[in-house]
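Below is one structure, written out as structure tokens; comments come after it.
The values are calculated or read from the model by the stated rules, or taken from the named source; none is laboratory data. Nothing here was measured: the structure is a model prediction, and the numbers come from that model. Glycine also receives a Cβ, built like all others from the backbone with ideal geometry; neighbour counts cover every protein chain displayed. In case anyone asks, the SASA skips ligands and DNA or RNA and just uses the protein heavy atoms, side chains included. Shrake-Rupley method; radii C 1.70, N 1.55, O 1.52, S 1.80 Å.
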Amino acid sequence: MGFTLCSSSELSYPSLEGLRNGKANPVASKSFTRAGGYIKKHYFLSSYSDARKLVISSHLVPGHLEGSFMGKKRQVESRKKLEFMRTLLIDNYDSYTYNIYQELSVINGVPPVVVRNDELTWKDICCLLYEDGAFDNIVISPGPGSPTCPADIGVCRQLLLECWDIPILGVCLGHQALGYAHGAQIIHASEPIHGRLSEIEHNGCNLFANIPSGRNSLFKVVRYHSLVIDAESLPKELIPIAWTASDDTLSFLETQKFDAIPDAYESERQKANFDSFSAKNGSYWGHVNGTKSRKVVMGIRHATCPHYGVQGDAYASLSSKLVLASMQVPHATGLFGAVHTGRQSVKKADFRVNGEACSSGQFMRGANQRNLGFLDMVNILPPSLGAKFLRLKWRKFGHLASEVGGARNIFTELFGKNKAENTFWLDSSSTEKGRARFSFMGGKGGDLWKQLTFRLSEESDTAGERGGHLLIEDTKGFTCSKILEEGFFEYLNKELLSLCHEEKDYEGLPFDFYGGFIGYIGYNLKVECGAASNAHKSTTPDACFFFADNLVVIDHHTNDVYVLSLQEGNTTKTQWLDDTEKKLFSLKGSATRQLHERISKPVANTPHEAGFLSEKSQKQYVSDIEKCLEYIKDGESYELCLTTQFRKFVGEVDPLRLYLHLREKNPAPYASWLNFSKENLCICSSSPERFLRLDRNGILEAKPIKGTIARGTTLEEDERLKLQLQYSEKDQAENLMIVDLLRNDLGRVSEPGTVHVPHLMEVESYATVHTMVSTIRGKKQSNVSAVDCVKAAFPGGSMTGAPKLRSMELLDSIESCSRGIYSGSIGFFSYNQTFDLNIVIRTVVIHENEATIGAGGAIVALSDPEKEYEEMVLKTRAPANAVMEF
């Protein structure tokens, strides 16, 4: 049975108005109604209207609701220590949940079961917890919004009120939900804190055993919140256990100056007089070492129940302490099957997941599938889909590239004729410092060649719908069309799974693309990856790919050239290899000739000076930034990547010459050229950013960019600007939040304990800008495919913000047009299940005689609207100038 964790209708804002209603209590984030009369799919409770009729005072003992399972303590026949523990992880539609998932997988010995907060009915959860004893404890994830909004926390409030005998840890939103469930007020923090660090003091309770406390203690947490629990409103049953140590926040690099834990941290902790604090404006005020400071409540616990809340996401590792200290339940020993306890069970046929009946045993056995967060993750080739057996032939020509004029000359001579129609070039035009090594190029030719052109259906613009129309053209020009009800990714997945091969065919090749699909994925395919809907329809196809069976590969490190030909079945045909070899060696004599005219024109500082018209004026864009800041203030997002578009009519331009000019002026490691001539569509990209790669060893790698500044005009100014970016608290916060998002996305498809960050916030320099880049890696799980990995992370988090789903929804409501190809990805899916995809930025899209450039930037709590506008314009400079000069 296939499961999905994501209802496609849960988060939809059709317009800027009415996202929140005007009836506000003291809470910053007000209850609101989703568009179209729905909030979330209400198959999970009879209705929230029934739940809202219950007025529960903070002094009531949990478990007193009539008819509840929760008043009955779980029967525990022995306390035998288990080899592993089962955690139920409630996901509040956040982009940090799978970081907690990874941590718990390692600590518990088995992965937790992830359930979205509206996925199960309350009756079903009772069955799992109390009838089947399937879980030892519960962790409630962070999430957007406020605990005062029922749609934001789903079943979490009921869990906190009724599961008084089950250990629960709430993180961020879960922490706030614990406070709100027992009567505390949720209010705005004095300032939103996202992606920034604070030092923490605590009272030394069991949750913080052996954890340092206080200033200079080396214990710092990353904070993601704009709302806080009002300390004045804490009821007597909730006990504060942790506070911020001071008003100050730290950037990541500032924390690196502490390289040892002070021996006397315990005595320093005791110097802080926790009993002397008084509550004021949601904070505790007190005197530490003679200095008055404001202390935000960062941790609470219930006086009589094993329930804890922590505000910082870095506290997620503390969840392991709760897990290990939790109740040992002997009947929870089944890894994927719950053992009946002997008590009368609810009728198993009544158990429903996303509206489908199943038993609790089925639910547990399907846990790993559902943890990946989308439908049908176990990929078994349908019997009806015919498999193809592919064989690869290849040749290597050592040190040939430089002898024949390099990549540019090879491409223009081999594939540049006839306006370079139906050609591709994944162009590592910037290879310094090991950023990239290989370039792949080719065109229409072999028997297996075909073009896929996919457009989402009109219904995909509405919540809960996906699918679209696929046009397939083969090498002879014949076309056929298909309706893809399950969407493009599912089709691509089945196509790749139908390709059989022998590994020995590519032994000795130093790269990971040996033939397969090469093209782009448009931003609107987010609806196939969990997004609720698309507010704007793209004028370009939503995905376009060639199946490349013949290609040339250049190794820029060694100057070697490879030619590859992919064919079905055993064959002795080598004509394309022979012909291409002859052409390559014929280039030796022409390698030194002048390839193009030098162009020198005045440089434009803005796209407007280059003749582009903007989708929004500066005033409108700044106003949109201010809207983003309001959403961030209200806890709806931590970071929003706001974008816009610039357009210019270019007429019958030669797009290949334009691209050759762009790659010379702004070389980039993930640059690319794509020409889909039947669509009158050319893509000229100088992208410096990798979205995601999967190599032949099963290693996933993402390299998000967050943080950009212009290059200086002198060496001294250039170095000063580089350091300014490196030590910018705002840019570090931007980058760190997207690193956490990518860790989460990779965590959905990676083996537990393998997601790591080998490079954090490194500055890379390009022709016009310095950028801050991080690298995240993980080991792919064996039961997921290449396409599954892309679906888990698309669109790239650096182009959405975090939490991803809510942020994409908000951006759809703010932006006035489709992003189209911009913000999507260009790259390859090899027939052997490897892939490498970029992020489509610094790119000129030429479609039907119009050039389009997209640009944007991450809006965070520290953003200055005018400076954000200037940064957005800066990012257009290289592609806009290329168009103007050309």
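Based on the reciprocal of the average 1/r between different C-alpha atoms, the Kirkwood radius for the range 463-565 equals 16.4 Å.
With N counted as the residues of the range 618-659, its alpha-carbon radius of gyration over 2.2 N^0.38 Å works out to 1.89. Qualifying chymotrypsin sites (Phe, Trp or Tyr not before Pro) in the range 645-742, where qualification requires a DSSP coil assignment and no more than 16 other C-beta atoms within 10 Å, comprise Y727. Normalised by 2.2 N^0.38 Å, where N counts its residues, the alpha-carbon radius of gyration of the range 684-814 equals 1.14. The shape of the range 542-592 comes out oblate: with a ≥ b ≥ c from the C-alpha gyration tensor, a/c is at least 1.5 while a/b does not beat b/c.
Scalar couplings 3J(HN,Hα) for the range 470-478, obtained by applying the Karplus form with A = 6.51, B = -1.76, C = 1.60 to θ = phi - 60°, are 10, 10, 10, 10, 8, 5, 8, x, 6 Hz; x denotes Gly and Pro. Just the number, please: Stokes-Einstein D of the range 104-155 in µm²/s, Kirkwood Rh from C-alpha pairs, 20 °C, 1.002 mPa s. Here the translational diffusion coefficient equals 170 µm²/s. Distance between the pseudo-spin-label points of E503 and N210 (7 Å out from Cα toward the beta carbon): 4.0 nm.
On full extension, the segment bounded by I472 and L715 gains 82.3 nm, given 0.36 nm per residue less the C-alpha separation. Overall size of the range 729-786 from C-alpha positions, given as principal axis extents largest first: 42, 24, 15 Å. Centre-to-centre, using Cα atoms only, the range 741-755 and the range 794-840 are separated by 18 Å. Maximal additional length on extending the E762-D579 stretch stands at 61.5 nm, based on 0.36 nm per residue less the C-alpha distance. Summarising the label geometry, the points placed 7 Å from Cα in the beta-carbon direction at R437 and H399 lie 1.9 nm from one another.
In this structure, the amide hydrogen of A189, modeled 1.01 Å from its nitrogen in the peptide plane, lies closer than 5 angstrom to those of L227, V228, counting only residues at least 5 positions away or on a different chain. Pair-distance distribution of the range 766-886: all C-alpha pairs, bin width 5 Å, starting at 0; shares per bin in whole percent are 2, 8, 15, 21, 19, 16, 11, 6, 2, 0. Normalised by the number of residues in the range 735-813, the mean separation of alpha-carbon contacts (under 8 Å, six or more apart) gives a relative contact order of 34 percent.
Quick check: from the Cα gyration tensor, does the range 606-721 come out rounded (a/c under 1.5), prolate or oblate? Verdict is rounded for the range 606-721. For the range 443-550, the per residue solvent-accessible surface stands at 36 Å², with DNA, RNA and ligands left out and a 1.4 Å probe.
What separates the Cα centres of the range 508-572 and the range 161-232 is a distance of 45 Å. Computed from phi, the 3J(HN,Hα) profile of the range 537-547 under the Karplus parametrisation 6.51, -1.76, 1.60 (θ = phi - 60°) reads 8, 7, 7, 9, x, 7, 7, 9, 9, 9, 8 Hz, with x in place of Gly and Pro.
The distance between label points at L723 and E630 comes to 4.1 nm (points 7 Å beyond Cα on the Cα→Cβ vector).
For the range 570-579, 3J(HN,Hα) computed residue by residue from phi via the Karplus equation (6.51, -1.76, 1.60; θ = phi - 60°) reads 7, 8, 9, 5, 9, 4, 5, 4, 5, 5 Hz, glycine and proline entered as x.
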